[in-house]
1. Taking the beta-carbon count within 10 Å as an exposure proxy, list B:Met175, B:Met325, B:Met227 from fewest neighbours to most.
2. In what sequence do A:Ile43, B:Ile74 fall when counting other Cβ within 10 Å, fewest first?
3. Which FRET efficiency, nearest 0.05, do A:Tyr49 and B:Leu328 yield, Cβ-Cβ r, R0 45 Å?
4. On average, how many beta carbons from a partner chain sit within 10 Å of the beta carbon of a residue in A:38-50?
5. What is the Cα coordinate range of chain B on the first, second and third principal axes, sorted by size from largest, in whole angstrom?
6. Based on alpha-carbon positions alone, could you give the equivalent ellipsoid semi-axes of the stretch B:248-329 from the gyration tensor, as √(5λ), descending, whole Å?
7. Which of A:Ile50, A:Ile112, B:Ile334 has the fewest other C-beta atoms within 10 Å, and how do the rest follow up to the most?
8. If the limit is 23 Å between Cα atoms, which of A:Lys66/A:Lys91; B:Lys153/B:Lys339; A:Lys91/A:Lys111; A:Lys71/B:Lys64; A:Lys8/A:Lys97; A:Lys29/A:Lys91 go over it?
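Just so it is clear, none of the values below were taken in a lab; they were calculated from the coordinates. This is a predicted model, so every value here is computed, not measured. Here the Cβ is made from the backbone with ideal geometry for all residues, glycine too, and neighbour counts use every protein chain on show.
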Amino acid sequence: MSSGAKAKYDDNMACKILDDLGTTNIAAKHESLLEDLSMEIIIQEDPEYIFVVTMGDSEKAINALKEGIEKDPAWGNLSAVKNGNYIVLPKELFHYKPNAKWSESYEYMAKILYPEIFQ
Amino acid sequence: MSIWPKFSIQKFFNKNSGSYNGFVIALLIILLIIAAIISISIGSSKIPVGQIISALYHRDINSKTYQIINFVRIPRTLAAILAGCSLSVSGAILQSVLNNSLASPNIIGVNSGAGFLTVLISAFFPASLYFVPLAAFIGGLMAVLIVFFIAQKTGASRISIVLSGVAVSSFIGAMTDTVLTLHPDSAIDRAVFLIGGFSGVTMERLAFPAGFIVLALVIVLILSYDMNVLALGDETAKSLGLTVARLRFLCLGIAALLAGSAISFAGLLGFVGLIVPHASRFLVGYDNRFLIPVCALLGSIFTLCCDVLARVLFAPFEIPVGIIMSFLGGPFFIYLLLKRKKGKLYG
């Protein structure tokens, strides 16, 4: 039973923003209509950052998700998780259309990816 | 006309003799070992066999090969073996004890009961995933008992057991759907849970259900002779000194424990619990002392092979194993039915 994680592509808003900011999405390397990316590939590619957009926003669900990821030996050994680059994105900026707050969405993401620019 | 005499293993061993059954079990054990080796060597990432062996030998936690083998492929292989054997044996018990060839964990309501409590726990108590196998067992047992008592009230005919199973399943299924709809962010992937699959299993999550499954299998093997007596009919079994009601209750409980444990980590895998017992009976007949081990082995092999396909067909993406199972299992079951109609099945 999967933890419910789906790999997303450019048709997803957060992925589009990440794309614009010059990142490479490991899921987009393998074109497919499916969204259940094999754990084996995630381990092999060992991404620098993992961004998560949750469907719900209850703190309990997010905590359970984070705890599950950190405890899971397959996820827990990824560099992104070890280095704390496993990031749950705020829903209002990356799941709903941000409308007037597009700049905020980009800024939020850029601060994570390129902290040196904002210093 | 062929000059070769028609060779039949069954005739060679004199079908249903101990040596024939022993031969079938030995063959299945070898097949299971081969399937397990294939399952560990093949996956969505291509790793040469030599590299796998050296990774297992060196056990270097930082090696990606070791991580893939140890944290992804081995847990998945074990999960497929455990789920396949427990659901198949659960189906065999239900069919034997309810004296109904249509009985299986998903039709009698065990799956839906276990699934409902699994979803409920994951949605409202995401931190307590350890209780899931226990809750799944309780849910499965309650569902099967409700079905059994409804069927008894209405005369316990073969049809009424199946019909009340369908009714109870669909009612509990609606409750499961309600929870999944109201709690889309629960720790469960709706589609994968409803179809059944093994992505994301870890050794940690398998430990509890594995203990339950091994315990239940041992008890079933001890009870298998009594189950044979029960299959002769309630009156005969009573006259032979069997406490019919107690044995039937115990067997239903074990069937629920087996199916519930599997569902707690694999989701609602349905079909395997129906077809594997039939295929096993085709091989070794009705004697539960042989049927149960054959069922366990055949169920594991079938599930393992389906899971390899689920991982490899669309690599590096995966599809839930339940899809493959139904694609392969459906036509095979129709084949068995047609054979039975001709009066060839079961010797």
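1. B:Met175, B:Met227, B:Met325
2. Ascending number of Cβ neighbours within 10 Å: B:Ile74, A:Ile43.
3. Given R0 = 45 Å and the Cβ-Cβ separation, E is 0.70.
4. Rounded to a whole number, the mean comes out at 6.
5. 65, 64, 35
6. Its equivalent ellipsoid spans semi-axes of 26, 16, 9 Å.
7. Neighbour counts put them in this order, fewest first: B:Ile334, A:Ile112, A:Ile50.
8. Exceeds cut-off: B:Lys153/B:Lys339; A:Lys29/A:Lys91.
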